[in-house]
Amino acid sequence: MSAVRVRIAPSPSGFLHVGTARTAVYNFLFARHHGGKFILRIEDTDTARSSEEMVQVILDGMKWLGLNWDEGPIFQSRRNELYKEWGKKLAESGHSYWCFCTPEELEERRKAAISQKIAWKYDRKCLKLSQEEIEANKKAGKPAALRLKVPEGKTGFTDLVGGELERENADIEDMVCLRSDGRPTYNFAAVVDDYDMKISHVIRGNDHISNTFKQILLYRALNLPVPEFAHLPLILGADKKKVSKRQGAVAVTDYRDTGFLPETMLNFLALLGWSPGDGREIMSREELIQAFSLARVGAANPVFDLQKLEWMNGEYIRRLPDEELLARAFPFLEKASLVKPEEKKSKRDYFLRVLPLLKERCRLLSDFAEMGDYFFKEEFDYDPKGAEKQFADPQTASRLEKVAAAWKAVEPFSKEKTEEALRLLAEKEGEKAAAFIHPIRLAITGKTMGPALFDLVEVLGRKRVLARLSRAVEYLKSRTPAAKT
Ligand code: GLU
């Protein structure tokens, strides 16, 4: 394929949401697969609805996903001269006409048509104006918009995803290309820019198919080559409806803040409508680039499955080298006020022992703070349900005291030695080890689940373990009289 050039063209009137991010991923993978260029264009001609802040959020999202663009960001708002120039060409092409209808007039006619149950499209009133009428309107300074004159016949193209698509031109409106204030409409600016940027393939959501017919008519009116088109099926939520805010139509950077890894997100988005065809699911950036093709984009609407995303993130977390895991998880521990910035260095060895213990159960980077808070603070509550069960036996306090006594002397304070001592104790007491193990876990972590007990005992160390056992004993003793009354 010669000179592949593709683009992502977000409008900064909203965040970089999942749909746009998926489109960006496909464009990126396609460009890299073919050794082409990936261009970022910001469609900000709608100045009232665009904002600097949104542009920043979009750029942040793109950078976070590692969707490095080769050219841009190109801002449409700075290209008015170009649109004016092409507007002039369109005006002189013989395929357009000036429209003097005011918004109020249009609205009135639209309502009238609807009340008669006629589908409204521009009624070509101004196409019927004589040359004199046009001149008179212009002289009188009436605002004029430039409309495309849609020819008779049909318009069709071969979609690289959807196959042959065709539409009756009679169903296509003579759309406005230049507004009466001189600003281009989306369709006009998109055609001018895609031509100017030498875009070879337009890959975007299939909600743009009706625009594509209009854009093809515009290319033809301007006598320009028509690029290839590939329209991606829309992403649905778990309820099979268009993806909702709760399920995914939020900023991609929100996923970052929730604790997802960018490599998970890239992998997951790539699989929303495409698959390599060999059953692989966990794929690195390089593998995705290597395997990607538009031919394997499915026609069915992909479903955004949050549980799958979380599962995948857990897989990626477990594959991270420990140092890398620390770098990624630390900000989340900081956010939860469990660590101080300077501790990243001073307690590095400790963190490198803690995080691998926790990672088996974690699906989000934020889970480390939630599931492992006891590694970073001394004050924690006992899980109430767990306490009801594991602290119920009146013997618990005395058992914990015996464990503390046994562990006081254990040398070294290793997982093997503490386990050995505990099993010996249980045997001596004629009890099952579990009668000790569960209350110990609750006493030293506040939780009923977590890493293997003796692993975490070793990592917490003797001093903290004994202090926590004695704290639990005190708690249990203070509770006992109340329980009796
Ligand atoms: N600004 C349009 C959007 O965000 C771009 C559509 C296109 O790719 O042409 O939907």
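The values are calculated or read from the model by the stated rules, or taken from the named source; none is laboratory data. No experiment lies behind these values; they were computed from the predicted model shown. Cβ atoms come from the backbone with ideal geometry, glycine included; neighbour counts cover every protein chain shown. All accessible areas refer to the heavy atoms of the entire protein, side chains included, with ligands and DNA or RNA removed. Shrake-Rupley method; radii C 1.70, N 1.55, O 1.52, S 1.80 Å.
Thinking of region 147-236 as a set of Cα atoms, what percent of all their pairs are more than 19 Å apart?
Here the tail beyond 19 Å accounts for 39 percent of pairs.
About its Cα centre, what dipole magnitude does region 1-52 give when the only charges are +1 on Lys and Arg Cβ and -1 on Asp and Glu Cβ, stated in debye to the nearest 20?
320
Let's test this: bin the Cα-Cα distances of region 1-92 at 10 Å from zero up to the farthest pair and state each bin's percent.
16, 43, 29, 11, 0
What are the trypsin sites (Lys or Arg not before Pro) within region 377-485 that DSSP puts in a loop, where the Cβ has at most 14 other Cβ atoms within 10 Å?
Sparse-neighbourhood loop trypsin sites (Lys or Arg not before Pro): 377, 432.
With viscosity set to 1.002 mPa s and temperature to 20 °C, compute the Stokes-Einstein D of the chain, Rh being the Kirkwood radius across alpha carbon pairs; µm²/s, no decimals.
The Stokes-Einstein estimate is 78 µm²/s.
Among DSSP beta bridges lying fully in the chain, give the percent that are antiparallel, nearest 5.
Among the beta bridges of the chain, antiparallel pairing accounts for roughly 55 percent.
Restricting to region 170-327, compute how many DSSP beta bridges are antiparallel as a %, nearest 5.
That works out to approximately 35 percent antiparallel.
So for the chain, taking the charge dipole from beta-carbon charges (+1 Lys/Arg, -1 Asp/Glu), which of 316, 264, 453 sits furthest toward the positive end?
Going by the charge dipole, the pick is 453.
Return the long-range amide H neighbours of residue 303 (sequence gap of 5 or more, or a different chain), with a cut-off of under 5 Å between placed amide H atoms.
Distant-sequence amide H within range of residue 303: 236.
Which listed residue (185, 424, 297) has the Cα farthest towards the positive end of the charge dipole for the chain, taking +1 on Lys and Arg C-beta and -1 on Asp and Glu C-beta about the Cα centre?
Of 185, 424, 297, it is 424.
Taking the dipole about the Cα centre of the chain, with the C-beta of Lys and Arg at +1 and of Asp and Glu at -1, give me whichever of 407, 339, 365 is farthest to the positive side.
Positive-end residue among those listed: 407.
For residue 232, which sequence-distant residues (separation of 5 or more, or a different chain) have an amide H within less than 5 Å of its own amide H, given hydrogens modelled in the peptide plane?
Result for residue 232 returns 204, 205, 206.
Given the Cα-Cα distance of residue 448 and residue 109 and 0.36 nm per residue of separation, how much length would full extension add, in nm?
Fully extending the segment from residue 448 to residue 109 adds 115.1 nm.
Let me have the 222 nm mean residue ellipticity of the chain computed from DSSP H runs of 4+ only, each contributing -39500 (n - 2.57), with the sum over all residues rounded to the nearest 500.
-15000 deg cm²/dmol
Could you look at region 148-269 and say what percent of its accessible area is carbon and sulfur, using a 1.4 Å probe and all protein chains?
47
Step through the residues of region 77-94 one at a time and calculate ³J(HN,Hα) from phi using the Karplus curve (6.51 cos²θ - 1.76 cosθ + 1.60, θ = phi - 60°), rounding each to whole Hz and writing x for Gly and Pro.
Values per residue, Gly and Pro as x: 4, 9, 10, 4, 4, 5, 5, 4, 4, 6, x, 4, 4, 5, 4, 8, 6, x Hz.
Taking Cα atoms, how many degrees apart are the long axis of helix 52-64 and the longest axis of the chain, rounded to 10 and kept between 0 and 90?
60
Take the alpha-carbon positions of region 1-53, form their convex hull, and give its projected area averaged over all directions (one quarter of the hull surface) in nm².
4.0
Grab the Cα-Cα distance for residue 240 and residue 219, subtract it from 0.36 nm times how many residues apart they are, and report the gain in nm with one decimal.
Difference between extended and current length: 4.0 nm.
Scan around residue 42 for amide H atoms under 5 Å from its own, H built in the peptide plane at 1.01 Å from N, and keep only partners 5 or more places away or cross-chain.
Excluding prolines and chain starts, which carry no amide H, the hits are 74, 75, 76.
What list of ³J(HN,Hα) values in whole Hz, one per residue of region 314-329 in order, does the Karplus curve 6.51 cos²θ - 1.76 cosθ + 1.60 (θ = phi - 60°) give from phi, with Gly and Pro shown as x?
Per residue, the Karplus-derived 3J(HN,Hα) values read x, 4, 5, 4, 5, 8, 6, x, 3, 4, 5, 4, 4, 4, 7, 7 Hz.
How far is helix 434-445 tilted off the main Cα axis of the chain, in degrees rounded to 10, range 0 to 90?
60
Hey, can you find the accessible area per residue of the chain for me, probe 1.4 Å, expressed in square angstrom?
50
Step through the residues of region 345-358 one at a time and calculate ³J(HN,Hα) from phi using the Karplus curve (6.51 cos²θ - 1.76 cosθ + 1.60, θ = phi - 60°), rounding each to whole Hz and writing x for Gly and Pro.
3J(HN,Hα) across region 345-358, in whole Hz: 8, 5, 10, 3, 4, 4, 4, 5, 8, 6, 4, x, 5, 7.
Rounded to the nearest 10 degrees, what's the angle between the helix 103-115 long axis and the longest principal axis of the chain, both from Cα atoms, 0 to 90?
Once rounded, the angle reads 80 degrees.
Let me know the charge dipole size of region 62-111 about its Cα centre in debye, to the nearest 20, where only the beta-carbon of Lys, Arg (+1) and Asp, Glu (-1) is charged.
Value, rounded to 20: 80 debye.
When all protein chains stay in place, what accessible area (Å², nearest 10, 1.4 Å probe) is found for residue 201?
20
Dipole of the chain, Cα-centred, from +1 at each Lys and Arg C-beta and -1 at each Asp and Glu C-beta, to the nearest 20 debye?
In total the dipole reaches around 620 debye.
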